[in-house]
Amino acid sequence: MRLLDLTLPSPALNLALDEALLLAAEDGAGPDEILRIWESPATMIVMGRSGQLEREVRLEECRRRGVPVFRRASGGGTVVLGPGCLAYAVVLPYSRYARLRMLDEAHAYVLDKLAAAIGRELPGVARQGISDLTWNIDGTSRKFSGNSLRCRREHFLYHGTILYDFDLSLVESLLAHPPREPDYREGRAHREFVSNLAVTREKLRAAISEAFGHPDVAEAWPRERTEELARGYVDLLAT
């Protein structure tokens with residue numbers, strides 16, 4: 001496992017780099033296992049590949065605020081990223097983790113590792129729903145992490161977001177209530193459902209690294225492929 005702690009200067013490049021790491025591993029042009037950590041310097045919305053723009057995003061408010069909307073290569077729900085929201089991505093090979101071809105096993109493998117590592121800093125962290133991490137606050141589960149995956153022939157990409165100092169009002173302002181929700185949400189509005197973790201960025205970053213065995217730092221990354229893929233990540237509100 002290698003660690004790439006790298007935030008690129010544009011939303012499209014940051015989204016493309018996760019995909020490029022997967023494709024590089026698949027082609028044998030990059031590490032077989034790699035963990036990336038990054039944080040968007042500006043607010044943006046990212047939808048799953050089958051997300052419904054008009055049902056999931058408050059379009060007029062996004063246009064008014066100048067918040068771009070992108071579609072990622074993986075599935076899952078729509079999320080808001082920006083300062084105070086740490087993002088991670090991990091690429092793993094099926095050759096060493098064959099059971100992870102089953103999607104429920106893949107979700108459990110990654111999220112249980114993260115829950116255990118973060119839980120050492122903050123009790124009450126758990127995996128819930130299909131691919132959420134939650135924090136128990138006064139007996140109520142509040143979501144702080146949404147995750148998704150993309151599978152290729154020999155590798156898979158698992159990535160997600162972790163809220164630690166995010167402006168939670170943006171979630172309520174920019175996203176509609178999702179068309180599908182986990183049972184534990186119980187119809188709660190965004191403001192009653194999502195939460196920041198009471199953990200600093202430094203401790204959170206260390207916990208993510210710990211979850212995957214404190215990998216050695218990666219020096220190289222697939223720059224040309226990232227730039228090529230980034231051309232396909234366009235602001236859906238500008239098209």
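Does Arg101 satisfy the condition of being within 18 Å of the chain's Cα centre (by Cα) and either crowded, with 16+ Cβ neighbours inside 10 Å or without any contact (Cβ under 8 Å) to a residue 60 or more places away in the chain (or both)? So Arg101 fails the test. Among the strands (runs of 3 or more DSSP E) confined to region 93-193, the ones with at least 1 residues that are in contact with a Ser or Thr (Cβ under 6 Å, 6 or more places away or on another chain), more than 28 Å from Ala16 (Cα to Cα) and among the charged types (D, E, K, R) are located at 140-151.
Among the conditions (1) at pLDDT 95 or above; (2) of a type in the set (Gly, Ala, Ser); (3) more than 30 Å from Gly232 (Cα to Cα), Gly139 misses just one, which is (1). Going by the conditions given, is Arg201 more than 24 Å from Arg65 (Cα to Cα) and at pLDDT 95 or above? Spelling it out, Arg201 is indeed more than 24 Å from Arg65 (Cα to Cα) and at pLDDT 95 or above. Tallying residues that are assigned to a helix (DSSP H, G or I) and more than 18 Å from Val67 (Cα to Cα) within region 6-23 yields 8. Could you pull out the residue among Tyr158, Tyr184 that is aromatic (Phe, Trp, Tyr) and either surrounded by fewer than 21 Cβ atoms within 10 Å (Cβ to Cβ) or touching a Gly at 6+ places or on another chain (Cβ under 9 Å) (or both)? The conditions single out Tyr184.
Scanning region 194-236 for residues that are part of a strand (DSSP E or B) and of a type in the set (A, V, I, L, M, F, W, C), which turns out farthest from Gly129 (Cα to Cα)? So, considering only residues that are part of a strand (DSSP E or B) and of a type in the set (A, V, I, L, M, F, W, C), the one farthest from Gly129 (Cα to Cα) is Val217. Please determine whether any residue of region 103-113 is under 22 Å from His177 (Cβ atoms), in contact with a helix residue (DSSP H, G or I) (Cβ under 8 Å, 6 or more places away or on another chain) and charged (D, E, K, R). Within region 103-113, none of the residues are under 22 Å from His177 (Cβ atoms), in contact with a helix residue (DSSP H, G or I) (Cβ under 8 Å, 6 or more places away or on another chain) and charged (D, E, K, R).
The values are calculated or read from the model by the stated rules, or taken from the named source; none is laboratory data. These figures come from a predicted structure and were not determined experimentally. In this analysis, Cβ positions are derived from the backbone assuming ideal geometry, glycine residues included, and neighbour counts consider all displayed protein chains.
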